[in-house]
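Trainee: Dumping the structure here so I can ask a few things about it.
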């Protein structure tokens with residue numbers, strides 16, 4: 001195994017802001033690690049309250065839901081199917097995303113997350129391009145507060161990175177260097193093999209409500225992500241290395 005992939009063994013926690021981010025960003029890597037014997041837990045932070053009767057927020061209405069609770073229940077079921085396909089265990093926290101909770105207490109959120117992440121040998125955190133407000137809020141919280149007896153890695157977020165090509169002339173959107181303060185190693189691809197690629201494509205299609213809400217032909221989003229990753233050799237990670245060089249922005253030369 002390549003040295004940079006060694007931390008992907010053992011107990012791996014993939015921090016997923018929403019109920020689809022881990023699969024879209026790292027589905028093939030999760031499948032690869034699980035098949036190799038790793039215990040992969042997908043920790044979805046803003047998984048919502050399944051018994052909430054609040055009217056659906058903007059995104060959830062777009063996905064066809066009438067209430068926050070209906071959205072949380074349906075999306076959890078989608079996530080359960082996707083995680084089964086990838087060989088991961090889903091763990092859902094009953095915290096609300098930005099469409100419902102614009103003011104959050106960082107200490108309270110960290111109080112829920114800390115004991116979960118402390119059990120992992122490696123933790124993977126959103127790292128690029130951090131265009132979503134929930135991702136941009138969560139990533140620095142974890143990087144600032146998580147002690148590192150094991151390894152902490154950043155991952156390229158999908159489908160945001162695929163869509164980011166449209167904004168490559170706006171370097172201010174690339175937040176990773178500022179977020180890390182120069183504390184990360186270089187980005188590297190994880191080559192998943194055919195099994196991992198196919199498992200990811202099947203898992204992405206489990207998120208029917210989210211693909212519908214993306215306002216793009218349903219089959220094209222998973223395909224666009226697959227083409228993006230094929231050009232780069234796979235899904236992309238960077239291990240946090242205090243004192244090491246920061247990763248270069250991932251901006252297409254196309």
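Trainee: Give 237, 194, 198 a once-over and let me know the one that is at pLDDT 90 or above, more than 22 Å from residue 17 (Cα to Cα) and surrounded by 14 or more Cβ atoms within 10 Å (Cβ to Cβ). Show your work before the answer.
Mentor: Working: 237 fails: more than 22 Å from residue 17 (Cα to Cα); 194 fails: surrounded by 14 or more Cβ atoms within 10 Å (Cβ to Cβ).
Selected residue: 198, the only one of 237, 194, 198 that is at pLDDT 90 or above, more than 22 Å from residue 17 (Cα to Cα) and surrounded by 14 or more Cβ atoms within 10 Å (Cβ to Cβ).
Trainee: May I ask you to verify whether residue 208 is in contact with a helix residue (DSSP H, G or I) (Cβ under 8 Å, 6 or more places away or on another chain), at negative phi and either modelled with pLDDT of 90 or more or surrounded by 17 or more Cβ atoms within 10 Å (Cβ to Cβ) (or both)? Can you show your working first?
Mentor: Values: in contact with a helix residue (DSSP H, G or I) (Cβ under 8 Å, 6 or more places away or on another chain): yes; at negative phi: yes; either modelled with pLDDT of 90 or more or surrounded by 17 or more Cβ atoms within 10 Å (Cβ to Cβ) (or both): yes.
In short, yes.
Trainee: Inside the stretch 63-89, can you point out the residues that are surrounded by fewer than 21 Cβ atoms within 10 Å (Cβ to Cβ) and either assigned to a strand (DSSP E or B) or more than 21 Å from the chain's Cα centre (by Cα) (or both)?
Mentor: Listed by number, the residues that qualify are 64, 66, 67, 69, 70, 89.
Trainee: Let me ask another. So is residue 40 within 18 Å of the chain's Cα centre (by Cα) and not in a helix (DSSP H, G or I) or not?
Mentor: Numbers: within 18 Å of the chain's Cα centre (by Cα): yes; not in a helix (DSSP H, G or I): yes.
Considered against the rule, which asks whether it is within 18 Å of the chain's Cα centre (by Cα) and not in a helix (DSSP H, G or I), residue 40 comes out as yes.
Trainee: Additional query: Can you name the condition, by its number, that residue 92 falls short on among (1) surrounded by fewer than 17 Cβ atoms within 10 Å (Cβ to Cβ); (2) under 12 Å from residue 16 (Cα atoms)?
Mentor: Just one mismatch for residue 92, condition (1).
Trainee: On to the next question. Against the definition (modelled with pLDDT under 90, buried (at least 17 other Cβ atoms within 10 Å of the Cβ) and not in a helix (DSSP H, G or I)), how does residue 246 come out, yes or no? Let's see the steps before the verdict.
Mentor: Details: modelled with pLDDT under 90: yes; buried (at least 17 other Cβ atoms within 10 Å of the Cβ): yes; not in a helix (DSSP H, G or I): yes.
Yes; evaluated as a whole, the condition is true for this residue.
Trainee: Any residue in the stretch 33-40 that is touching a residue at least 60 places away in the same chain (Cβ under 8 Å), surrounded by 24 or more Cβ atoms within 10 Å (Cβ to Cβ) and closer than 24 Å to residue 151 by Cβ?
Mentor: No, that holds for no residue.
Trainee: State whether the residues of the stretch 149-163 include one that is in a helix (DSSP H, G or I), more than 30 Å from residue 211 (Cβ to Cβ) and at pLDDT 90 or above.
Mentor: no
Trainee: Please specify each residue of the stretch 1-20 satisfying the condition of being part of a loop (DSSP other than H, G, I, E, B) and either under 25 Å from residue 207 (Cα atoms) or at pLDDT 80 or above (or both).
Mentor: Once the filter is applied, which keeps residues that are part of a loop (DSSP other than H, G, I, E, B) and either under 25 Å from residue 207 (Cα atoms) or at pLDDT 80 or above (or both), the stretch 1-20 yields 9, 10, 17, 18, 19, 20.
The values are calculated or read from the model by the stated rules, or taken from the named source; none is laboratory data. What you see is a predicted model; the values in this text were computed from it and never measured. Please note: Cβ atoms are built from the backbone with ideal geometry, for glycine as well, and neighbour counts cover all protein chains shown.
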